Each structure stands twice: as structure tokens, then as C-alpha cells.
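Have a look at the structure below before the remarks.
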Amino acid sequence: MRRKLPYLTLVLPVLGCGGGGGAANSDFGDVAGSQVSVVLNNEENGVVSDPDIGLAAFVIGASDGGRVVAQAGIAPGATVGPAATSGTASFSGTYGMWIADEIVQNDNGGVTWQEGEARGNLNLSANFGTGSVTGSGTGSSGPNSRIDVAGSISGQNMTGTVDIRYTDPSNIGRDLSADMIGRIGTNGAVGAFHASDADTAIAGGFVVD
């Protein structure tokens, strides 16, 4: 049985040739149905969705090269409403993310890490006149977390960063800056984000209306 609150330790034996290039990697990925289109070992999938707005999916797991991978993306067909070039809007909704922390590559090519799924509530503000979006969210389940969103708007496209703050398995506060992409309109927004460093990989998403 897998325990998701707050962290579960994963130990994988030799998966293949040595990975090289670090123990963690993160990126954006395509979404099919409600999952990111990538196959990983011991993968954990997450999703945030609103039937009136859209869906963001995210996943963590181990590649055959002995590296922990985190990917996030947005499902096609988001219905965020028309693009706007003036006015402001305030939205609220939820965010979620899978965190893989304390990642260690073993001498034999295997990898160990601790994982947890954090979820919370998010408030987002859009200024369509200046083409900017900001927001903040606080965790409600899983590892303690907070996210701060800052980005720009071009039509229905949204890009920027998500500052992720969370408590790691050793109860130490961590702070990572994630890349973010999304879709936004007058009805709401949906976004995906990812971040990684030497021993951490995070993938997540949010949806607001």
C-alpha cells in the first residue's frame, strides 16, 4: 500500500545504464486523456480539472536511465473563454503537484527518493490591459506547501513562473522556481509547471474559474 501523506520512500534497483547528467529532470509534456504521455517506473500521476475550464496533468517517476523525471502539461481543448485586451478578472480554484525529494543515484545505477503529493487552494488575478497575471495559493493536504504565480498574457496564452515553497521530508523549508505555461481567458485559467534541481523534481498544475 502506498502512503501519500506526507512522503513515501521509493527504492528502485538497477534500471539500465547509468543516467548521467544528474539525478533529477523536469519538463513539459503532452497530455492524452487525463495523463502525461510518458512511461516511467513507479510513476505517480496527478490531475487538476474543471469541466468548464480545462485539465492539467502531472507525473513523477523513474526513467530507465536511473533518473527521477517530473513532467506536466495541459490537455488540448481548454475552454477558458475569449481572450481580452482590457479589464481585470479574479479567479479561484485549486492546485496540485507531485514532489520527489532527497533523490540519490546509487553506485549500481539504481535510484532512491521520497515522494509526496501536495494540494491546495489558489487565487489568481489577471490584468488583461497590462497583460499580466499574479496569484498565490496555500496547501490544504500533503506536504506543507505554498505557491506564488507570476506571468504574462498574450491572447489566450500564459507563460511565467511559479515559486514553490514546501517542507521536505526532513521538515526543512525548500524554495524552487518553476517554469509555467497555461491558457487564460475571461472565464478562467489552467496552467502547468515543473521544476528540478540536483536532488528534487516537481511537476504540478492549477485550474481556476
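Residues with beta-carbon under 13 Å from that of residue 140, excluding residue 140: net charge, scoring Lys, Arg +1 and Asp, Glu -1?
Local charge sum for residue 140: +1.
May I ask for log10 I(q)/I(0) of the stretch 33-152 at q = 0.15, 0.23 Å⁻¹, from a Debye sum over the Cα atoms as equal point scatterers with solvent left out?
-0.79, -1.32
For the chain, give the share of DSSP beta bridges that are antiparallel, in percent and rounded to the nearest 5; count only bridges with both residues there.
Counting DSSP beta bridges with both partners in the chain, the antiparallel share is about 95 percent.
Pairs of Cα atoms under 8 Å, at least six residues apart: use those to get the relative contact order of the stretch 41-94, whole percent.
Over the stretch 41-94, the number comes to 29 percent.
Accessible area per residue of the chain at 1.4 Å probe, in Å²?
Accessible area per residue: 42 Å².
What is the chain's relative contact order, in percent, from Cα pairs under 8 angstrom and six or more apart in sequence?
Value for the chain: 26 percent.
Express in whole angstrom the spacing between the alpha-carbon centres of the stretch 83-97 and the stretch 147-209.
First find each Cα centre; the distance between them is then 14 Å.
What is the mean projected area of the alpha carbon convex hull for the stretch 72-209, to one decimal in square nanometres? Write out the running numbers ahead of the final one.
On the way: hull surface 33.6 nm².
Over every viewing direction, the Cα hull of the stretch 72-209 projects on average to 8.4 nm².
Determine the sum of side-chain charges near residue 29: Lys and Arg each +1, Asp and Glu each -1, restricted to other residues whose C-beta is under 13 angstrom from that of residue 29.
Once positives and negatives cancel, what remains is -4.
The values are calculated or read from the model by the stated rules, or taken from the named source; none is laboratory data. Everything numeric in this text was worked out from a predicted model, so none of it was measured. So basically every Cβ, Gly included, is an ideal-geometry build from the backbone, and we count neighbours across all protein chains shown. Side chains are part of the model used for accessible areas, which takes the heavy atoms of the whole protein and leaves out ligands, DNA and RNA. Shrake-Rupley method; radii C 1.70, N 1.55, O 1.52, S 1.80 Å.
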